[in-house]
Amino acid sequence: MLKKLTIVAFAAALAAAPLPVLAQGKKDSVVMGMTLEPPGLDPTNAAAAAIAEVTLYNIYETLTKINEDGSVSPLLAESWTASPDLKTYTFKLRKGVKFQNGEAFDSAAVKFSFERNAAANSTNKDKSLFQAFEKVDAPDADTIVLTLKYPEPNLPFLLGQASGSIVEPKSAATNVTQPVGTGPYRLGAWVKGSSLTLNKWADYRNASAIKLSKVTIRFIGDPAAQIAALLSGDVDAFPRVTTRGVAQFKSDPRFTVLVGGSKAKTIVAINEKKKPLDDVRVRRAILAAIDRKAMIDGAVEGFGTPIGSFYTPGSLGYVDTTAVNPYDPEKAKKLLAEAGVTTPLEISLKLPPPPYARQGGEILAAQLAKVGITARIENVEWAQWLSQVFAPNGPHNYDLTIVSHVEPFDLVKLTEPDYYLGYNNEAFNALYKQVVSTPDEAGRAKLLGDAQRLLATDAVAGFLFQPQWPTVINKKLKGVWKEVPQFENDFSAWSWE
């Protein structure tokens, strides 16, 4: 009897023991950390970059694809041609593509998507781009022709952004919570406030090339918790992680640290529709009170390059405008006096959750206090910030805020009358029209330089820095991007070695 019990116990123990590593096969799932949770899952109706981080190229696809180096390649479009004046683009579409609900992808879906983005009630963050389409023609199922009101040399790049995602007409209205695209992943579970799961779509046209069958995204806003999740192994990758722990991870052999450049612009946004912020002298005083180096060191551990306008180093026509409004507290005091401002001037400083904003806000408030401006800090959640501060036609209920604008080629935003900064300068609007109407690159570069100088002179915002984004990953995880031409996580390229 004892012998029989021993055999049974041994068999049970064997069954409970983990299988040898070789028998388990290569790992095919990953857990990724994100600082912010998206407010919804339709990138064509809201501005939050967190939506693109989850959905772009994973659930939804675009006509073109933006690569890590900023180049553009075909995606739902197999090819395209542009007219010499860059006002007409013809896209040949990929055949045999289906949406995740079984509907066919064709030119009608593209036409629907772009016209929906341009509609009067559209909340697409790039609505002005789609409204610049004079015509969207679908001469056959595999061809789309875009005729623009003005030349747009960057159109293939712009259509690769999340705002250009192609949606299926029948499901478009429910994409916020039940997204339907043509991409390699479908939404699994979404536990609000905690995590979201993407599952590989078996019927994707190139499913065999997709190595990860499941991606779990955990939302971790607290910097200390981000570091702890990586160190414990609960998270395999954390793109755009807090800058606080980078040195620690660089010295840990379990991790790879990627520090990439960006086209992002971190700014102190100023609501120019509020008095006395409508006075350029007051805005210049705010800028003169800001020590950019102290902001970069304190808010992002030095991971940033100073900027003086709404434009980044490395972009076409970039000029260094940091000397237009240099750090000069005494000048700030004089400007406030010239504007007739009685100090202390009390204003609100509404801060969204990212650490660069919360940490930067404390530094900004201390710097402003030295020149006679009292900034009352109000920390708000991301959804509140979007609705109260940023939303088009929203209340724009703020005086100052801090945010990173991550989209490249977004100078056009400053020509929009309902943009949250409240900037309205006909000279700038005319200059921007010249920029987009100039077909030769050298001519555009010169005009872009003029535009940057005008924005700096007008002190449109407290231009702080171009951030560098650190990404920490398990050293065995491959395919994660170092450079950040836009916020995205292309899981189709991720795999374990």
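The values are calculated or read from the model by the stated rules, or taken from the named source; none is laboratory data. Predicted model, so just to flag it, every value in this text is computed and none were measured. Using ideal geometry, Cβ is built from the backbone for each residue, glycine included, and neighbour counts are taken over all protein chains shown. Note: accessible area is taken over every heavy atom of the protein model, side chains too, but ligands, DNA and RNA are not part of it. Shrake-Rupley method; radii C 1.70, N 1.55, O 1.52, S 1.80 Å.
Numbers for the structure displayed
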item	result
Pairs, first outside any loop (DSSP other than H, G, I, E, B) in the range 193-208, second of a type in the set (A, V, I, L, M, F, W, C) and open to solvent by less than 20 Å² (accessible area, probe 1.4 Å), C-beta under 6 Å, six or more apart	Leu196/Ile217; Leu198/Val215; Lys200/Ile210
Single unsatisfied condition, Gly181 versus (1) in a strand (DSSP E or B); (2) crowded, with 23+ Cβ neighbours inside 10 Å	(1)
Residues of the range 373-403 classified as open to solvent by less than 60 Å² (accessible area, probe 1.4 Å) and under 12 Å from Pro353 (Cα atoms), total	7
Every pair of residues 6+ apart whose Cβ atoms lie under 7 Å, when the first sits in the range 441-463 and is β-branched (Val, Ile, Thr) while the second is outside any helix (DSSP H, G or I)	Thr457/Val324; Val460/Phe310; Val460/Leu421; Val460/Tyr423
Matching residues in the range 84-97 - criterion: being modelled with pLDDT under 95 and under 16 Å from Ala132 (Cα atoms)	Asp85, Leu86, Lys87
So Val145, is it within 17 Å of Phe130 (Cα to Cα), aliphatic (A, V, I, L, M), in contact with a helix residue (DSSP H, G or I) (Cβ under 6 Å, 6 or more places away or on another chain) and not in a helix (DSSP H, G or I)	no
Pair list, Cβ < 7 Å and 6+ apart or interchain, from the range 129-154 residues that are farther than 25 Å from Gly443 by Cα and of a type in the set (Asp, Glu) to residues that are part of a strand (DSSP E or B) and open to solvent by less than 50 Å² (accessible area, probe 1.4 Å)	Asp137/Val145; Asp142/Leu93
Test result for Asp320, open to solvent by 40 Å² or more (accessible area, probe 1.4 Å) and either over 21 Å from Gln359 (Cα atoms) or in contact with a helix residue (DSSP H, G or I) (Cβ under 6 Å, 6 or more places away or on another chain) (or both)	yes
Hey, Ile217 within 30 Å of Val136 (Cα to Cα), open to solvent by less than 10 Å² (accessible area, probe 1.4 Å), out of contact with any Cys (no Cβ under 7 Å at 6 or more places or on another chain) and not acidic (Asp, Glu) or not	no
Breaking point among (1) part of a helix (DSSP H, G or I); (2) in contact with a helix residue (DSSP H, G or I) (Cβ under 6 Å, 6 or more places away or on another chain), for Ala357	(2)
The range 63-89, subset touching a residue at least 40 places away in the same chain (Cβ under 8 Å) and farther than 21 Å from Pro151 by Cα, residue surrounded by the most Cβ atoms within 10 Å (Cβ to Cβ)	Leu76
Meets criteria (at pLDDT 95 or above and either within 25 Å of the chain's Cα centre (by Cα) or within 21 Å of Lys127 (Cβ to Cβ) (or both)) for Phe428	yes
Selected residue (only one of Val280, Val241, Val300 is open to solvent by 30 Å² or more (accessible area, probe 1.4 Å) and either of a type in the set (Val, Ile, Thr) or modelled with pLDDT under 95 (or both))	Val280
Which listed residue, of Lys333, Lys370, is modelled with pLDDT of 95 or more, surrounded by fewer than 17 Cβ atoms within 10 Å (Cβ to Cβ) and either over 19 Å from Lys275 (Cβ atoms) or touching a His at 6+ places or on another chain (Cβ under 8 Å) (or both)	Lys370
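One line per residue, one yes/no per condition, for (1) part of a loop (DSSP other than H, G, I, E, B); (2) open to solvent by less than 20 Å² (accessible area, probe 1.4 Å); (3) polar (S, T, N, Q):
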| position | (1), (2), (3) |
| --- | --- |
| Leu464 | no, yes, no |
| Thr471 | no, yes, yes |
| Val480 | yes, no, no |
| Ser492 | no, no, yes |
